[in-house]
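Quick notes on the structure that follows.
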C-alpha cells in the first residue's frame with residue numbers, strides 16, 4: 001500500500017479550483033484547499049510550490065511532449081510540419097482536460113498575476129518550439145517566427161475551444177490556421 005494517497009495531486013487541484021470558483025482565488029488559502037481535499041499542507045507543498053501553481057501543473061510535461069514531437073517529425077519534415085507536430089502533441093494532451101481547463105480559465109482571466117503566469121507558460125512553449133526547430137535545421141529567424149505564430153494561433157484556438165462547443169481542439173486549431181493568411185496577407 002502506498003504511503004500517500006495516489007490521487008493527492010488530483011484531489012488538491014479539484015479542491016483548489018472549487019474554492020477559487022466559490023470564494024475567489026485571493027480568498028482561498030492553502031489551508032482551506034488541503035482541508036477540502038482531506039490532505040495536509042505538507043502534501044500540498046510536495047506537489048505544488050504555491051496555490052498559483054495548482055492551475056499550471058503539468059506544464060513541463062507539455063513542453064517535453066512538444067519538443068519530442070518536433071524531434072520525432074524528423075529533418076525530412078518541413079518547418080510547418082515540425083511545428084504542427086509539436087502543437088498536435090499539446091492538443092492531444094489538452095483535449096481530455098477540456099472540462100478542467102474550462103473551469104480554470106475564468107479564474108486565470110480574473111487575476112492579473114495568473115494571466116501573467118499563463119503568458120509565461122506560453123512564452124516557455126514558444127522558446128522550446130523555436131529551439132527544437134533550430135535543432136531540426138531551421139535558421140534562427142524562421143524558427144523564431146514560426147514558434148511565435150504557432151503558439152499564438154494555439155492560444156486563440158484553445159480559448160475558442162474552451163468557450164464554444166464546436167468540437168475538438170484540433171479542429172479549432174486547424175480553423176485558426178486557415179484564418180491566418182487573411183490576417184497576415
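The values are calculated or read from the model by the stated rules, or taken from the named source; none is laboratory data. What you are looking at is a predicted structure, and each value in this text was computed from that prediction instead of being measured. As a convention, Cβ positions derive from the backbone with ideal geometry for all residues, glycine included, and neighbour counts pool all protein chains shown.
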Exercise. Could we say that residue 75 is farther than 18 Å from residue 174 by Cβ, outside any helix (DSSP H, G or I), more than 16 Å from the chain's Cα centre (by Cα) and assigned by TED's automatic domain parsing to the domain that holds residue 173 here?
Worked result: yes
Seminar exercise, completed: Every listed condition ((1) surrounded by 16 or more Cβ atoms within 10 Å (Cβ to Cβ); (2) part of a helix (DSSP H, G or I)) holds for residue 138 save (2)
Exercise. Mind checking whether some residue in the stretch 6-28 is within 23 Å of residue 154 (Cβ to Cβ) and assigned to a helix (DSSP H, G or I)?
Worked result: yes
Exercise. Can you name the number of the only condition in (1) touching a residue at least 60 places away in the same chain (Cβ under 8 Å); (2) surrounded by fewer than 14 Cβ atoms within 10 Å (Cβ to Cβ); (3) assigned to a helix (DSSP H, G or I) that residue 42 fails?
Worked result: (1)
For this session: Would you be able to say whether some residue in the stretch 86-108 is more than 25 Å from residue 161 (Cα to Cα) and exposed (fewer than 15 other Cβ atoms within 10 Å of the Cβ)?
Result: no
For this session: Keeping to the stretch 129-182, report how many residues are touching a residue at least 24 places away in the same chain (Cβ under 8 Å), closer than 18 Å to residue 93 by Cβ and out of contact with any helix residue (DSSP H, G or I) (no Cβ under 7 Å at 6 or more places or on another chain).
Result: 1
Exercise. Do we find a residue being under 24 Å from residue 12 (Cβ atoms) and touching a helix residue (DSSP H, G or I) at 6+ places or on another chain (Cβ under 8 Å) anywhere in the stretch 71-88?
Worked result: no
